[in-house]
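Only one structure is covered here, and it is reproduced in the block below.
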Amino acid sequence: MKLHQLCILGAVVACSVAQGRKIDAARVENIQACKTSEADLLAWFGEPYQRGNQSGFPTMNWQYASAGGGGSETQSLVVYLNADRKVIEYQLNPAAVLTTVKDKCKESDPSKKAESAKGADAR
């Protein structure tokens, strides 16, 4: 009977609990500002845990947590998108969420600069 109890105790100790899907660090390294799209993110990481809005920009948030006899692990990936649904910023395991986000894609895209200059000339 003691062996049976020992087996049950071992099973309980070895048990672990996980929430979410582990975030693939290799995929995170492939994220590129102004190039990676929302569709790319969904293909790589699946549906996000949460969607929101920060500083007027759509956000996507993936989270993973596991705990068990061997310790615990947490991961968080927060991605900020522009109006074209392209990544403008991302954070892996952020200590805090960005408070200001700018669309760097507009600043670096010469055609967008030319469009805004034409609009200013028309005034």
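Points worth noting:
- Residue match in segment 35-56 (condition: modelled with pLDDT under 95, surrounded by 12 or more Cβ atoms within 10 Å (Cβ to Cβ) and hydrophobic (A, V, I, L, M, F, W, C)): no
- Options Val79, Val101, Val97: the member that is surrounded by 13 or more Cβ atoms within 10 Å (Cβ to Cβ) and at pLDDT 95 or above: Val79
- Qualifying positions in segment 81-95 - out of contact with any helix residue (DSSP H, G or I) (no Cβ under 9 Å at 6 or more places or on another chain) and closer than 15 Å to Gly52 by Cβ: Gln91, Pro94
- Count of segment 27-66 residues, restricted to those that are basic (Lys, Arg) and in a strand (DSSP E or B), is 1.
Yes or no, residue by residue, for (1) out of contact with any Leu (no Cβ under 9 Å at 6 or more places or on another chain); (2) surrounded by 13 or more Cβ atoms within 10 Å (Cβ to Cβ); (3) within 15 Å of Arg27 (Cα to Cα); (4) touching a residue at least 24 places away in the same chain (Cβ under 8 Å):
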{"residue": "Thr59", "(1), (2), (3), (4)": "no, yes, no, no"}
{"residue": "Gly68", "(1), (2), (3), (4)": "yes, yes, no, yes"}
{"residue": "Ser72", "(1), (2), (3), (4)": "yes, no, no, no"}
{"residue": "Val87", "(1), (2), (3), (4)": "no, yes, yes, yes"}
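- Residue pairs whose Cβ atoms lie under 7 Å apart, separated by 6 or more positions or on different chains, with the first residue in segment 22-49 and within 18 Å of Lys104 (Cα to Cα) and the second assigned to a helix (DSSP H, G or I) and small (Gly, Ala, Ser), are Cys34/Ser108.
The values are calculated or read from the model by the stated rules, or taken from the named source; none is laboratory data. Note that this is a predicted model, so its numbers are computed, not measured. Virtual Cβ from ideal backbone geometry, glycine too; neighbours counted across all protein chains shown.
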